[in-house]
Amino acid sequence: MAAGEEVRAIWKIADAVCFDVDSTVIQEEAIDELAKFCGKGDQVAKITKEAMKGSLSFQQAFARRLEIIKPQMNQIRDFIRTKPPRLTPGIKRLVEVLHQRSVPVYLISGGLRGVITPVALELNIPLQNVYANRLKFFFNGEFAGFDENEPTSRNGGKAEVIRMLKEKHGYSNVVLIGDGATDLEASPPADAFIGYGGNVIREEVKSKAKWFVTDFKELINAF
């Protein structure tokens, strides 16, 4: 069986599907959008570029970007209210189809839980199925850092979450869908990886993914 066919076969019998969020489930990179909203877009974009080159670990890049933005609790609320994330076309229908097939859906992201929560609610994904980073605030609402115990705050975090889900629920056919290198690296332990390029195409992911799609309809039609 060719590699692409193998991934398609696992997709048809998936007992859990995990999605990356930024540039996959939603059209934007939420932390970059938050930076722009807080007037720190250019400074944060430089760090993002460094991180993409691999000269910073995920945790270093994440910490540095947050240290520049220093988002206050009320800024996060205003950001979610006035700049809600835009769902990627087709994702809502794909999640509905998976739910109809009784396949649990998880969101695993190196982004911010506060921004992802409304996305999960819109897609009818239980909040306990969301794995993302929690910000910490002081009593006055000022930024106090992030929870470093969350696996998604460090390199290899997505793999750690998938490993834990397999152990906890006994899944044997976990499919991960995402646009970035951190998604590609998490298979294994994910049993199959599908690269997604509907919002942005990352050449490394496109060249290494055994199945690469730019439209979620292709995944629905593959059942």
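Counting only protein chain heavy atoms and rolling a 1.4 Å probe, the accessible areas of L121, L184, L165 rank, largest first, as L121, L184, L165.
Under 5 Å from the amide H of F146 lie the amide H atoms of K136, each residue being 5 or more positions distant or on a separate chain, with H modelled from the backbone and absent for Pro and chain starts. Ligands, DNA and RNA are left out, and with a 1.4 angstrom probe the accessible area of the chain is 49 Å² per residue.
The 1.4 Å probe gives accessible areas that order S187, S207, largest first, as S207, S187. Cross-link check: pairs K40/K83; K158/K206; K168/K210 evaluated at a Cα-Cα cut-off of 22 Å; pairs beyond the cut-off: K168/K210.
Solvent-accessible area of the chain (1.4 angstrom probe, protein heavy atoms only): carbon and sulfur portion equals 49 percent.
Which FRET efficiency value, to the nearest 0.05, is calculated for I201 and E6 with the Förster distance at 35 angstrom and r the Cβ-Cβ distance? Before the final figure, lay out the partial values.
On the way: r = 23 Å, r/R0 = 0.65.
The computed FRET efficiency comes out at 0.95.
Given a 1.4 Å probe and the protein chains as shown, S57 ends up with an accessible area of around 40 Å². Residue by residue, the range 72-85 carries 3J(HN,Hα) couplings of 7, 4, 5, 5, 4, 4, 5, 4, 5, 6, 9, 10, x, x Hz when phi is fed to the Karplus relation 6.51 cos²θ - 1.76 cosθ + 1.60 (θ = phi - 60°); x denotes Gly or Pro. Projecting label points 7 angstrom from Cα along Cα→Cβ for K46 and N149 puts them 3.5 nm apart. Taking all protein chains as shown and a probe of 1.4 angstrom, T48 keeps an accessible surface of around 20 Å². The stretch between S57 and L87, if pulled fully straight at 0.36 nm per residue, gains 8.0 nm over its current Cα-Cα span. Look at the dipole of the chain built from charges on Cβ: of G4, I177, G145, the Cα furthest out on the positive end belongs to G145. Among D22, D147, D215, the order of accessible area from largest down is D215, D147, D22, computed with a 1.4 Å probe on protein heavy atoms.
Its Cα centre serving as origin, the chain has a Cβ charge dipole (Lys and Arg +1, Asp and Glu -1) of approximately 260 debye.
Between F139 and L127, the contour length at 0.36 nm per residue exceeds the alpha carbon distance by 1.9 nm.
Calculate, in nm to one decimal, what Q100 and K217 gain on full extension: separation in residues at 0.36 nm each, minus their alpha carbon distance.
On the way: separation 117, 0.36 × 117 = 42.12 nm, distance 1.57 nm.
Stretched fully, the Q100-K217 segment lengthens by 40.5 nm.
Phi-derived couplings, Karplus 6.51 cos²θ - 1.76 cosθ + 1.60 at θ = phi - 60°, listed residue by residue for the range 197-205: x, x, 9, 8, 9, 9, 4, 4, 5 Hz, with x used for Gly and Pro.
Using a Gaussian network model of the chain in which every pair of alpha carbons under 10 angstrom is joined by a spring, one finds that among G178, G90, G39 the greatest mean-square fluctuation is at G39.
The values are calculated or read from the model by the stated rules, or taken from the named source; none is laboratory data. Note that this is a predicted model, so its numbers are computed, not measured. All Cβ positions, glycine included, derive from the backbone under ideal geometry; neighbour counts span all protein chains shown. The accessibility values were calculated without ligands, DNA or RNA, using every heavy atom of the protein model including side chains. Shrake-Rupley method; radii C 1.70, N 1.55, O 1.52, S 1.80 Å.
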